[in-house]
Amino acid sequence: MKFTRLFFFCIFSTILAPLAVARSDGWWETNKEVCRADNRYSAPMTFCYASSGGNMAGSEWISAEGKITQDTPDQFLNWLDDAGINFRARVFFNSPGGNLLGGLRLGSIIRKRFLNTGIGETISVPLSEDSFMELEELNSGQCYSACAYAFLGGFERSFYNADSYGIHQFYDPRLLDIIENPEVPVATYEDLAETQRLTGIVVGYVDKMGASPRVAALAAATSPIAGSGIRLLSVGEAKELRVINTRSDEPFGLTQFQGVLTAQSTGYYLNRPIIRRVQCRDNSMSVSVSMPSGANVDRWNGASFEFDLGNFTRVGTFQVLGSVSYENEPHTVYMLRIPINEGEWSNIRSISFVESWPFSHANESVSNGFMMGFQDPQTLGLIGRNCI
């Protein structure tokens, strides 16, 4: 299935609520001061709500920059509550690392709050050359050491080639004195026991977050004092190790479903499968989607939406069909029925919404499921010729 970025952003432009609820003027001013602060990277981690000024997906995010300390997780929880951050916001990290357990706790909070993660440095830019107003932009960033583990807490995780994601052995800074002064006593039995305990905690955390335990193994094999002291993962390696966990939709293919020729595709939302099917029944195009249950959209049952079919538009009706089980998980089946007159199938070039999807941000998974951007006239023609 093909999507265009423009189509993707247009659909989301009016359904995404701002990340932060309305706050007092004092809160916003303090927040902006944090975003504008110099040298955030080398200071203890701070958080701010950032916006590029748009109202589309990706135009708002949480900036998390600086060193992770043992207090960072509690500070983040307090900041989230003060900011009133909504569901599925993305946290962009730019951090050299810091306290290991602080990073693990921070990642666990991110997962419990259903937040997504990315890597990027937030910078403030003037709205114009003669303007006192400033907005934020994202530059490439770094996420090393403890930050790399906090990053794994994201429900959806991604970074790009220009970003840096790096891991290495965890260590007690006091042990680095051994390198500079060989007469310093070696680690005690208690030190070694503590190291083994922490190793088990790290491996368990990595596995729980859905990444490969090999991430912990690669980190354990990378000395923090030899060479660069960091093991950088390429985007390809990160995908293989499930550090990056976003998956691409599969293209539509022809199959039989319930005795009807069907165009079917598996898409993914938060790495959970969404099954899309296009059929022709009773001179109507039936677009059905089966996705993990949980999105409460029954109130839209019977609602009508206008579709662009390439050469003409048509109004379709939304229906909630019921529940099925897929991969041992309950799925809800939704359907859009679009009436198609005889002879019109050969003129259909694509399937897309004319108006923005009306569901709220809480029903984002449903809008993702139906946002097909389906562009395959040949397949659509075959389905139309086999209408029952």
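Each value in this text was obtained by applying a stated rule to the coordinates, not by laboratory testing. For clarity, every value in this text was computed on a predicted model and none was experimentally measured. Glycine gets a Cβ as well: all are built from the backbone with ideal geometry, and neighbour counts include every protein chain shown.
Exposure proxy shown here: for 93, 312, the number of other Cβ atoms within 10 Å sets the order, fewest to most, as 312, 93. Between residue 82 and residue 382, what FRET efficiency follows from the Cβ-Cβ distance if R0 is 45 Å, with the result rounded to 0.05? Given R0 = 45 Å and the Cβ-Cβ separation, E is 0.20.
In what order do 81, 74, 163 fall by count of nearby beta-carbon atoms within 10 Å, going from fewest to most?
Neighbour counts put them in this order, fewest first: 81, 74, 163.
Full extension of the chain between residue 51 and residue 346 yields a length gain of 101.8 nm, computed as 0.36 nm times the residue separation minus the alpha carbon distance.
Sorting 147, 35, 387 from the fewest to the most surrounding beta carbons within 10 angstrom yields 387, 35, 147.
With a Förster radius of 41 Å applied to the beta-carbon distance between residue 323 and residue 39, the computed FRET efficiency rounds to 0.15. Applying 0.36 nm per residue to the separation of residue 303 and residue 198 and subtracting their alpha-carbon distance, the gain on full extension is 32.4 nm. Computed from the Cβ-Cβ distance with R0 of 45 Å, the FRET efficiency linking residue 218 to residue 250 stands at 0.95.
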